[in-house]
Amino acid sequence: AVNAKHDAEAGLDELMARRQAAETAAARLEARSKAEAKAQAEVAAAKARQASDAERASARVAAAKLANERTQAEAAATKARQASEANLAAARALAMKLAEERKLAESELADRRKAVAQQQAESDRLRIAAAQARDAAEREEKRRAQLSAQRQIEEQQLAALEAKKAAATKVAVVTPAAAPAKILKSAFVKDIAFKGDETSGEVTIAITGDGKVALGEVTASHVELIIDGAELAQKLERKLDVTRYGTPIRAVSSFRDRQVANRVRLIAELNSPMTPTIDRDGAGVRWKLTGSEQVAKRPMRTQAVPPPVVGGFGAASTPIAQQTVSQLPAQGARNRKVYRGATVDFDFKDAPIHDLLRTIADTGKVNIVVPDGIDAKVTVRLKRVPWDQALEVILASHGLWYRRDGNLFRIAPRKELDAEDEAENARREAMIKSEAPRSEIVPLNYASASELKSKLEPMMSPKGRIEVDERTNALIVVDVAGNRAEIERLARSLDTQTPQISIEARIVEARSTFLRQIGIQWGGNASASAAGGNSTGLVFPSSIGLAGGAEDNQTNRRGVTATPSDFAINLPAAVGTGEGGAIGLSLGSVGGNFNLNLRLSALEDVGSVRIISAPKITVLNNKEAKISQGVSIPISVVSAAGTQTQFVQADLALTVTPYVSQRDCAIAMNINVTKNEPDFVNVGARGDPTILRKEAKTQMLVADGETSVLGGIYTRNTGLAYKKVPFFGDLPVLGWFFKNRRENDDRTEILVFITPKITNKALLRCQ
């Protein structure tokens, strides 16, 4: 476009030079003609004065001839001047066209430069983030090395303490040999994949190095897997939606623990209770979650906790947990015991039970005490079985069981352990019968006394009872001392503040519009008739008229007005009051035999709109809350009963039900955000407005105080349209006199954000 403009300017300069040369030549010709005519006239006058009347007549004829030549020269000069002006006007029009094209090219170039600058800025940001990630990885590597060294020292100290303890003990304790202290290698999680069917799912974790894998919290709604001494790739910190597999698992989240270094957590969100199992091989870890339909086919295990032992100094230590094996019906699958020990492979025939228990103690890194009277041979073949499950199966097959106190397992015949339990229960019942019940007041701060009473009454002894004081919201507990202390402890544990969550949703809408339109109108009329003084001189056609056929009601107000306009090309831009601009030109002859009308119109409309809606509400945990604002629009409905008016809601609403995790204060939410508004531009047949609906409904897990994006919608509508006269509109340059151009680019984007915050977090157990 720049080169074309330079060529046009050069042509214009050349035409100006030619015009100046033509004017100079005409002036010289005129001056020479005048001088020659004057000289000849003077000569002729002198001769005429001296000659006869005939010579004077000849001189007059010669003077007339010279005057005629002068007139012809002036006419030629006028034609040359008109031709130069026409060429100059054409060159100026071409220059204007080239200037417009250059402006368009510069605008496109500016847009491209802006896009390149944005891409460069994004590249710089990613480069800085990568450098920061590398620095963080280096710092983390140094910290892991320090922790490994410290762990080695602690293991050496622990081995020394265990050696002293083994030397000092006088009971037959089977203690695993202390493994030589070594530095645990750091593990790295490279990939996480999922597969599943209707009743089960399996998470495959590709991990390199040594890492301790164990189950975390197991509930009906989620299951947690913990990998200690491991790092997680940044790209794997995500929430994987697995609903498309049709399993009872909704999603699998993987992330680094923010409170414990070198710990990776995986949380599987469940639609129904599932049983987890862990299987580790050389390629990584397979974490399998099995539904109730498969679990019901296998023997189930439950865990029972014996009543506390009441005794003084020298009494037997209180067992922490007592495991019993029993066959349960299929509907009890959700109570199946979860084994968390490392998997082992056993293949023994007639092996002494003492040696086998020593092997299990070495594998599980626990202490096992076996009485001298126990002596049996064991034949077993197990594959990929947790060591704690293998221990229970082996003991149960020989009529044995265990009592566990921390890291210590005491093995004994089941009958002997049952007898100990019966003796302890009898002693306990005797103490309860001999002790007189006493009353104690348990004031409550947050829980309802009447609701808490129903939960505590099953724990009362036959002598005990619980009364409620509604005025002070307190419990009056009447029972023996042991039960009173237990009930008070449980009441204190349940009397906690209900989490209160402040939830803010932010709906951000951004719209940008762009419209550019260029149009042209031109035409006129010409006539040859006797009335106009330019008759054809023929009988038929005696008069001829030519005019444009595309009529327009608008008329020019400048120059010689031609009415009607008689446009031959009528392709204007949509200009009007407050929109665009136009310029018109009219040319006409004195007699009105020839009229020319020309009008150029152009329109450009650029706009941007940003709308932010932020509903906010505070609600208690596990309670639904809703806040809305809007209008009710009356809509007329015609039916057989007549015309009725119905009201349709067009409002901004936020409906949310939060659930706070007692472990890490993460907030799970059922969210429904809607923004409906009337559209009075697009109306129905009866003039009722349409409703523009925007809604986001989802379930998500967000950390306390963090902002998460629910979702968004981005739309872009671009168009380029031409209205033109066939063939002529396709001509280069000249085609712009026969066409209309319309270009539009409309963009709309909507994003929905959610920010939950626990207002009373300082008083809760989760931190």
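Each value in this text was obtained by applying a stated rule to the coordinates, not by laboratory testing. Quick caveat: nothing in here was measured; it's all calculated off a predicted structure. Cβ: placed from backbone, ideal geometry, glycine included. Neighbour counts: every protein chain shown.
Its Cα gyration tensor gives the chain an equivalent ellipsoid; the semi-axes, largest first and in whole Å, are 103, 35, 22.
In straight Cα distance, which aspartates and glutamates are under 14 Å from LYS616, not counting same-chain residues fewer than 8 positions off? Of all the aspartates and glutamates, those that pass the test against LYS616 - Cα under 14 Å, at least 8 places apart if same chain - are GLU504, GLU624.
Residue exposure proxy: HIS222, HIS398, HIS6, ordered by other Cβ atoms within 10 angstrom of their Cβ from fewest to most, comes out as HIS6, HIS398, HIS222.
Ordered by the count of other Cβ atoms within 10 Å of each Cβ, fewest first, ASP745, ASP388 give ASP745, ASP388.
Mean separation of Cα pairs under 8 Å and 6+ residues apart, divided by the residue count of segment 452-517: what relative contact order is that in percent?
On the way: 39 pairs, mean separation 15.0, N = 66.
Relative contact order comes out at 23 percent.
Distance from the C-alpha centroid of segment 685-734 to that of segment 509-533: 32 Å, rounded to the whole angstrom. When DSSP beta bridges are limited to those with both residues in the chain, what percentage is antiparallel, rounded to the nearest 5? Taking every DSSP beta bridge with both residues in the chain, the antiparallel ones total about 95 percent.
For the modelled label position 7 Å from the Cα of VAL338 along Cα-to-Cβ, which residues of segment 252-273 have backbone nitrogen atoms closer than 12 Å? Residues passing the 12 Å test: 266-270, 273. Points 7 angstrom from Cα along the Cβ direction at ASP745 and ILE128: gap in nanometres? Going by the 7 Å Cα→Cβ label model, 2.7 nm.
Taking amide H positions as modeled 1.01 Å from N, with prolines and chain starts lacking one, no residue 5 or more places away or on another chain lies under 5 Å from GLU579. Taking segment 14-48 and a reference point 7 angstrom along Cα→Cβ of ARG102, the backbone N atoms nearer than 18 Å belong to 14-15.
Farthest toward the positive end of the dipole of the chain, out of LEU546, GLY607, VAL242, is the Cα of LEU546, where the dipole comes from beta carbon charges about the Cα centre. Along the chain, the exposed loop sites are chymotrypsin sites (Phe, Trp or Tyr not before Pro) outside DSSP states H, G, I, E and B with at most 14 other Cβ atoms within 10 Å, and the longest stretch free of them is 1-312. Across all C-alpha atoms in segment 438-496, the radius of gyration and Dmax reach 10.1, 29 Å.
Only DSSP H runs of four or more residues enter the estimate; each adds -39500 (n - 2.57), and after division by the residues of the chain the mean residue ellipticity at 222 nm equals -11000 deg cm²/dmol. Once the Cβ-Cβ distance of SER502 and ARG693 is raised to the sixth power relative to R0 = 30 Å, the FRET efficiency obtained is 0.65.
Placing +1 on the Cβ of each Lys and Arg and -1 on the Cβ of each Asp and Glu in the chain, which of LEU751, LEU585, GLY291 has its Cα farthest towards the positive end of the resulting dipole? Working it through, the farthest residue towards the positive pole turns out to be LEU585. Ranking ALA73, ALA91, ALA37 by how far each Cα lies toward the positive end of the dipole of segment 1-109 (charges on Cβ) leaves ALA37 at the top. Legend: Rg and Dmax of segment 609-760, from Cα coordinates, 24.3, 77 Å.
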